[in-house]
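Inspection log for the structure reproduced underneath, given as structure tokens.
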Amino acid sequence: MASDIYDTPEHELFRQTVRKFVHEELAPRAREFDEMGRIDKHLYKKMGDLGMLGLRYDPKWGGAGLDWSYTAVMFEEIVRCDNAGVTMGISVQTDMATPSLHQFGTDELRQRYLVPAIKGEMVAAIAVTKPDAGSDVASIKTRAVRDGDDWVINGSKIYITNAATADWLCLLAVTDPDAGYGGFSQIVVPTDSPGFSYQLLDKIGNLGSDTGLLFFEDVRVPVTNTIGDVGRGFQQQMMQFQDERLIACVSSTAGARALWEETRRWCDNRIVFKKPLSKMQVTQFKLVEMLTEITAARELTHHCIRKRIENEDATMEISMAKLFCGRMARYVADECIQLHGGFGYMRESRAGRAFVDTRLISIGGGADEVMIHYLAKMLGL
């Protein structure tokens, strides 16, 4: 990454710490996690001990008080474990389920749920998507009805990462059906609450994370579990999405670069018609064009990170980056699997796995079409 963002001894030391963890704990078990359908829960504790789970959070709650550049360093290294599902599960913990709690939660909620999440003693999940709503967050119908000092929650959520692993959920629910965008609230829901259950889903990719359908049947939680003000959940979730989307940009760009590097090595060593595949002009064109796309995505992502570090509004740029990086990752994976030939179609091939895994980037966290819709509105079209 550009030296003006993070080229300091502190960044390099942190990078080496994460790289060592990935090399020793994640990469050797990448395929095992696919078979398990999730990451070992105790690894979250190891990440917590290394200070990896609360990089941007206040030290008061166990965070490191650092800026977005350190988050980028961490995920640039984590993607090299070659398991997109593992990367997804970790990013849910760090940048999807906990940002709102850190920013808007009461001290009591932070102490009970954020501190253990930063330590890796609890795993979190973000419960937003409704089966019949998808990326249309405003169409969510999961209800939380007040009964005395409790919320009584009924409904369901789908495509929820960490569904089987999570100890608590950051749930977005309707608390006032007549209030429009002001009728949503974010609520911490412990997964051991009576009436909560889940069913795992059978995905085509990102196999190293547990993704499921969640059910809420008269689940009771205290009203004090509300994150921020009642009725502000939609706005808070939109802010939380910015972290999720920027993480997707960092991960997809770093993952595409790692795949490109491996594909170049393959082409250097693969002999076709008595010469390396990389010496064929068509291959050279493909490698150059891919790296150009990766570099463009990387620079746009860095621009977003700079704005976040400087506390500037980056909503438009992050939406653009999410759109561009998702398409770039799909393009690179498609070209790389082609250059790998038959081996690329094997599960043991990084290119083959990436071909399936990267498809999610343009769907999760706001589909491409939703990003375009948001951008058009921001541009006044």
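None of the figures in this text is laboratory data; all of them are computed from the coordinates on show. Values in this document were obtained by computation on a predicted structure and should not be read as measured data. Note: ideal-geometry Cβ built from the backbone for every residue, glycine included; neighbour counts use all protein chains shown.
For the reader, a short list of remarks on this structure follows.
- Shape category assigned to the stretch 3-119 from the gyration tensor of Cα positions, a/c cut at 1.5: oblate
- Taken about its Cα centre, the chain carries a charge dipole of roughly 1200 debye when the Cβ of each Lys and Arg holds +1 and the Cβ of each Asp and Glu holds -1.
- Adding -39500 (n - 2.57) for every DSSP H run of four residues or longer, then dividing by how many residues the chain holds, sets the calculated 222 nm ellipticity at -15000 deg cm²/dmol.
- Between Gln199 and Gln235, the contour length at 0.36 nm per residue exceeds the Cα-Cα span by 10.1 nm.
- GluC sites (Glu not before Pro) restricted to DSSP loop in the stretch 246-344 with at most 11 other C-beta within 10 Å: Glu310, Glu312
- For the chain, the equivalent ellipsoid derived from the alpha-carbon gyration tensor has semi-axes of 36, 21, 21 Å in decreasing order.
- The simple spin-label model puts a point 7 Å past each Cα toward its Cβ; for Leu50 and Asp334 those points are separated by 3.5 nm.
- Per-selection Rg to Rh, the stretch 238-381 - Cα, Kirkwood hydrodynamic radius: 1.05
- Likely footprinting exposure, Asp357, Asp147, Asp82, fewest C-beta neighbours within 10 Å first: Asp147, Asp82, Asp357
- Among Met328, Phe104, Ala144 the positive-end extreme of the charge dipole of the chain (Cβ point charges): Met328
- Ascending count of other beta-carbon atoms within 10 Å, so fewest first, for Arg308, Arg347: Arg347, Arg308
- Rg/Rh for the stretch 124-230, where both radii come from Cα atoms and Rh is the Kirkwood radius: 0.96
- Between helix 281-309 and the chain: long-axis angle, C-alpha atoms, 0 to 90°, nearest 10: 30
- Met280-Phe215 FRET efficiency (beta carbon distance; Förster radius 56 Å; 0.05 resolution): 0.55
- Unit charges on C-beta of K, R, D, E only; dipole of the stretch 235-378, Debye: 640
- Once the Cα atoms are used to define both axes, helix 9-21 deviates from the longest principal axis of the chain by about 90 degrees.
- Net dipole in debye of the stretch 3-119 [+1 Lys, Arg Cβ; -1 Asp, Glu Cβ; about Cα centre; nearest 20]: 440
- Take the Cα of Met346, step 7 Å toward its Cβ, do the same at Ala258, and the gap between the two points is 2.0 nm.
- Taking other C-beta atoms within 10 Å as the exposure proxy, Phe343, Phe21, Phe75 rank Phe343, Phe21, Phe75 from fewest upward.
- Over 28 Å between alpha carbons, listed pairs Lys60/Lys307; Lys20/Lys286; Lys141/Lys377; Lys46/Lys141: Lys20/Lys286; Lys46/Lys141
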